[in-house]
Amino acid sequence: MSLTVQHLAAVDLGSNSFRMLVGKAAESPHGAQIYPLDSLREPVRLGAGLDASKNLTEESQQRALDALRRFGERLRRFHPERVRAVATNAVRVAKNAASFLPRAQEALGFPIEVIAGREEARLVYIGAAHSVAPAAGNRLVVDIGGGSTEFIIGSGLEPRIMESLYIGCVSMSREFFPAGRVDAHRMQSAVLAARREVQIIARDFRKAGWTSAVGSSGTARALADILVGSQLNDSAASLGITRTGLRRLRKLYVQAEDLATLRLPGLKSDRLAVAAGGLAIMLAVFEELGLKEMEATDAGLRLGVLYDLLGREQRQDMRDLTVQQFMQRYMVDGGQAARVEQLALQLLEQIDPAATQECRQSLRWAARLHEMGLSISHAAYHKHSAYIAANADMPGFSRSEQATMAEMLLCHGGKLKKLGALPGSSIDLRALLVLRLAVLLARNRHDIDPRGLRLLPGPHGVSGTRIEVDARWLRSSPLTQYSLEQEVAEWQRVGFDMELHALPGG
């Protein structure tokens, strides 16, 4: 498919810094490539704004909103489908994220997705792999962020093993190095604490193996700049991070006691607050994984988001691949899934011909996966389907997208009173109605001609909907007639105005 995308933008609401990257997509001999055009970085320290109750303080929220407004001005003329904003660990763990996100989205002018740790790891790898020279064999990528650290082993541009640990340079610095104070005991304690976390994944990662290692984004790039600028590596030819260099830097930090008094080439003032925590984590990574050296790149999550966005533009959406993989994993009947999907989309066209692309996508995914819970148990299978969608690692999906799908799967059959138990439900009720009708009509698992049924939409959502059915077809299908009557009654029970009418048929 020829490339038509021109400019794309990624916004990363990190726990330490907020970053924006604008890139231009163009064809190259090696396929579509993204060339960075503009970038912005704001040291928001959102992770440091989490109080003892895991709530973002108003002061930290205000810093975030101010930064997002500045980003929003730069992105003002961008089409919404060519901007993707993602929030990572600080927002993932914040208990008041639900009240912060609407304000953040208003400030930025675009939706913000809260992504899970493994989805962050996937995007990090894609970005890092596109920014370094190709390597034979497996590649290890480590991204030390403000609130979490991502570990990925992949080959070429494809991530294979992905993990995310809750250790980050902001959280580590707050716990062990308050006010930038460093001593030998604090450093040793921080390194040991980080090593305990890395030990959880070390065995599996060592077993998979790698031929090269890359550190991505801010902490790795900052450490490489310090080690090279201060000539701390054991080889002058090394332009990255070495174990010897990290140990020498550790001694310098301990000797300085107060990092504000330390003057080292590459040690920037805006990273002083998180420098010791980042060093402790990187030391732990080198020790537990047996690393001697690591290449560093500033690319990571943001560039990965741009390439993932480019894939969506070119109809190479990772979410579609994930749905296909889940259908295989949970032995979903592909024929039935396709039957329900096609019928649901035909009915959606009747009731809401102006439905958004997002609504249609959500409906397609829910139709394809609605029966995956059958692999666990037929009884209450919809609950199993919903649980899987809500809790599984689903590459390409944001948390909000998974939550919406889980709600659709939970409510695609049975009682509708579940709707009232879903706080802040994001379900499009018309999409839910046509999904329920499609499942109902395709119950005998044979192809259905929907021409005997017509939906007339009401003025508001599903309220006022009229279902018209060919009377002759209805008489020949007593089970379908009974099921449709029960469906209408169910919607009426939860307060929606809906009617079923049998029309004379020829």
Checklist entry - Inside region 317-377, counting only helices (runs of 4 or more DSSP H) that do not spill past its ends, which hold 2 or more residues that are among the basic types (Lys, Arg)? => result 318-329, 357-369
Next on the checklist: Can you find a residue that is over 23 Å from Ile152 (Cα atoms), in contact with a Ser or Thr (Cβ under 8 Å, 6 or more places away or on another chain) and surrounded by 23 or more Cβ atoms within 10 Å (Cβ to Cβ) anywhere in region 372-393?
Outcome noted: yes
Checklist outcome for this item: Of Ala222, Ala179, the only residue that is among the small types (Gly, Ala, Ser) and crowded, with 19+ Cβ neighbours inside 10 Å is Ala222
Checklist entry - Based on what the data block shows, is Gly147 in contact (Cβ under 8 Å) with a residue 60 or more places away in the chain and within 21 Å of Lys54 (Cβ to Cβ)? => result yes
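Within region 91-105, is there a residue that is in a strand (DSSP E or B) and either outside the structural domain of Arg174 (by TED's automatic domain parsing) or not hydrophobic (A, V, I, L, M, F, W, C) (or both)? Explain how you work it out, then say what you get.
Taking region 91-105 as the starting set, the residues that turn out to be in a strand (DSSP E or B) are none.
No.
Can you tell me which residue among Ala431, Ala403, Ala354 is surrounded by 21 or more Cβ atoms within 10 Å (Cβ to Cβ), farther than 21 Å from Met331 by Cβ and not aromatic (Phe, Trp, Tyr)? Working first, answer last.
Working: Ala403 fails: surrounded by 21 or more Cβ atoms within 10 Å (Cβ to Cβ); Ala354 fails: surrounded by 21 or more Cβ atoms within 10 Å (Cβ to Cβ).
When all the criteria are applied, what remains is Ala431.
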Checklist outcome for this item: Taking region 455-497 and keeping residues aliphatic (A, V, I, L, M) and over 37 Å from the mean Cα position of the chain (by Cα) leaves Ile467, Val469, Ala471, Leu474, Leu479, Leu484, Ala489
Next on the checklist: Contact list please: Cβ distance under 6 Å, first residue in region 118-132 and assigned by TED's automatic domain parsing to the domain that holds Ser164 and assigned to a loop (DSSP other than H, G, I, E, B), second residue β-branched (Val, Ile, Thr) and crowded, with 24+ Cβ neighbours inside 10 Å, pairs at least six apart or on different chains.
Outcome noted: Val132/Val214
Checklist entry - Any residue at all in region 233-243 that is out of contact with any strand residue (DSSP E or B) (no Cβ under 9 Å at 6 or more places or on another chain) and in the same structural domain as Arg186 (by TED's automatic domain parsing)? => result yes
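If we keep just the residues of region 445-454 that are over 37 Å from the mean Cα position of the chain (by Cα) and modelled with pLDDT under 85, which is nearest to Gly495 (Cα to Cα)?
Of all residues in region 445-454, those over 37 Å from the mean Cα position of the chain (by Cα) come to 449, 451-454.
Within this subset, residues satisfying the condition of being modelled with pLDDT under 85 are 449, 451-453.
Numbers: Asp449: 30, Arg451: 28, Gly452: 27, Leu453: 23 Å.
For region 445-454, the residue satisfying everything is Leu453.
The values are calculated or read from the model by the stated rules, or taken from the named source; none is laboratory data. Computed from a prediction, not measured in an experiment: that's the story for all the values here. Virtual Cβ from ideal backbone geometry, glycine too; neighbours counted across all protein chains shown.
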